[in-house]
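Every number here is computed from the coordinates shown, using simple stated rules; none is lab data. Just so you know, these numbers come straight off a predicted model, no measurement behind them. A quick note on method: Cβ atoms are made from the backbone with ideal geometry, for glycine too, and the neighbour counts reach across all protein chains shown.
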Amino acid sequence: MIEAYVRNSLVLTKASKVLSYFSPITLILTMMILGAVYVYNKRRARLVKLIEKIPGPASLPLLGNSLHINVDHDEIFNRIIAIRKLYGRSQGFSRAWNGPMPYVMISEAHAAEPILGSPKHIEKSHDYEFLKPWLGTGLLTSQGKKWHPRRKILTPAFHFKILDDFVDIFQEQSAVLVKRLENEIGNDEGFNCFPYVTLCALDIVCETAMGRLVNAQMNSDSEYVKAVYQIGGIVQSRQQKIWLQPDFIFKRTKDYKNHQRCLAILHEFSNRVIRERKEEILKQNLSNNNFAPEEFGRKKRLAFLDLLIEASQDGTVLSTEDIREEVDTFMFEGHDTTSAAISWILLLLGAEPSIQDRIVEEIDLIMGGDRERFPTMAELNEMKYLECCIKEGLRLYPSVPLIARKLVEDVQIDDYTIPAGTTAMIVVYQLHRNPKVFPNPDKFNPDNFLPENCRGRHPYAYIPFSAGPRNCIGQKFAVLEEKSIISAVLRKYRIEAVDRRENLTLLGELILRPKDGLRIKISRRD
């Protein structure tokens, strides 16, 4: 007993000597850190327990499944699809760990609905953070408190009466595209249609969002056009390369210098347009004057920019920076997604001459065989079979192949609880190829969207524009633009696909892209 007493006394003496080296503040901070770690581990224990119940690949401590996706960029999207196919097929979802962060990948409509359909789960994932230097916290990247009032302000900008004015712009820029494609007639090796379509879409969105012509199709060397492309590539590079994601590393790279130069060009352009438009509004009585400045020589078409400026004058607190965020967001979302969709659809139609002919027959019937004049909005709306083809193209190749949301509270799906803090990734590309919903899912079959074939289909089985409260505000705009461009091309040219779909490498980034473009051939249509 005496020996035990002496031994304990020695331990206490040594402990007191060790503690004497630390100040009271250090001890308090140490205890706080240890307490925080204890609470974190306790909370994490529940998260880990719930996530591990969901089917998925075996994972390593701390690293998770990082080694599964430690592959070339070309292969990442295929790995995500493979993991989704191998695990949890009956449930429609599976889990994986990106380091210590849990992901649940979903490809069934019944599992996507509780997340996309909820007004609570509208927070975007970490992947969107790298867009914020350019887009700020606009409609795409903002959280609920800011997103709700902005969405309410912008919704009237997509009213059909305003879209009717924009149809003229769609047609005018489509005519420029058709003219430029003449250079490719007789090119037997085919050409990549992606750059042509992208520049056309960029011209359209510049004029509709800001009312300014950048003539991207005729002048792809402009500073603004180059900056849009370069900053998009830098953002995608940061998303792919985990070592570039921390700001303190990124700021020491060459990409950062280019990033800042692009931001200066893009923001200066947007700010100048906003400033000039505000000055114009001061000189005009908008309530009695439906015409833009004489330099445009056409009806007022500044719906998106004007609506934000008017809102800022009606008591809504919108600074110039707030307005710029929304204009830049529409610039980003409005050209990249649409150009990808149109390019994929042209390739699909190029492999199906009978479907092409059916579209042209429909157009001729609606327009009385006149292939020279532009179709009206009413005539575009009558092109139902073309719309089926567009929908089918978006089913096979959705412009946004992955939708990622950060869960703010637990979600119950069947017998599984997906805990708060998890990133829920809706794999739209795979969800659209569910054979239980779309028989022979890899076949390009526009009849999938005939009215009789849509009856009874789960509303979340087809979501090319997302779904629920945070769906795409510009989907009607996008479909009208796609109809305008595709119909303009088909009325003049017969398309033949050069690339085979099975030989293409898909890059599943923010936008679903082909690695090496999409090659088609064209000839004049009789």
Item to complete: Quick one: go through the range 367-386 and flag any residue whose amide nitrogen is under 17 Å from the point 7 Å out along the Cα-to-Cβ line of Glu172.
Response: 373-377
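Among 462-473, 444-455, 180-191, what's the highest-first ranking by average C-beta atoms within 10 angstrom per residue? The partial results should precede the final answer.
On the way: 462-473: 19.8, 444-455: 14.6, 180-191: 13.0.
Highest mean packing first, the order is 462-473, 444-455, 180-191.
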Discussion item. Compute the helix-to-body angle for 24-52: its Cα long axis versus the longest principal axis of the chain, expressed 0 to 90° and rounded to tens.
Written reply: 60
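Using only helices, what value at 222 nm comes out for the chain when you add -39,500 (n - 2.57) per DSSP H run of length 4 or more and divide by the total residues, to the nearest 500 deg cm²/dmol? Can you show the working numbers first?
Working: 19 runs with 278 residues, N = 526.
Roughly -17000 deg cm²/dmol at 222 nm, from the helical runs in the chain.
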Fill in: Per-peptide average of other Cβ atoms within 10 Å, ordering 195-208, 141-154, 318-331 highest first
195-208, 318-331, 141-154
Discussion item. Test of understanding: what is the full-extension gain from Ser220 to Arg272, defined as 0.36 nm times their sequence separation minus their Cα-Cα distance?
Written reply: 16.7 nm
Worksheet item: Applying 1/(1 + (r/R0)^6) with R0 = 30 Å to the Cβ-Cβ distance of Lys283 and Thr376, what FRET efficiency is obtained, to the nearest 0.05?
Response: 0.40
Item to complete: Calculate how large, on average over all directions, the projected area of the Cα convex hull of the range 340-483 is; give the answer in nm² to one decimal.
Response: 10.2
Worksheet item: At what distance in nm do the modelled label points of Asp447 and Leu47 sit from each other, each positioned 7 Å from its Cα along Cα→Cβ?
Response: 4.9
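What does the charge add up to near Ile83, with Lys and Arg as +1, Asp and Glu as -1, over the other residues with Cβ less than 13 Å from its Cβ? Provide the component values of the computation, followed by the final result.
Values: positive: Arg79, Arg84, Lys85, Arg89, Arg95; negative: Glu75.
That works out to +4.
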Discussion item. Just to confirm a number: summing +1 for Lys and Arg and -1 for Asp and Glu over residues other than Val400 whose beta-carbon lies under 14 angstrom from that of Val400, what do you get?
Written reply: +1
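Tell me, Leu60, Leu308 in order of fewest to most beta-carbon neighbours within 10 Å?
Arranged by neighbour count, lowest to highest, Leu60, Leu308 become Leu60, Leu308.
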Practice prompt. Among DSSP beta bridges whose residues both lie in the range 107-524, state the antiparallel percentage, nearest 5.
Written response: 95
Discussion item. Give me the one-decimal nm value for the distance between modelled label points at Ile242 and Asp164, 7 Å along each residue's Cα-to-Cβ direction.
Written reply: 5.4
Worksheet item: For Asn98, which sequence-distant residues (separation of 5 or more, or a different chain) have an amide H within less than 5 Å of its own amide H, given hydrogens modelled in the peptide plane?
Response: Asn65, Tyr103
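Find out how many positive minus negative residues lie around Asn219, taking Lys and Arg as positive, Asp and Glu as negative, among other residues whose Cβ is under 11 Å from that of Asn219. Walk me through the numbers on the way to the answer.
Values: positive: Lys226; negative: Asp203, Asp221, Glu223.
Combined, the nearby Lys, Arg, Asp and Glu give -2.
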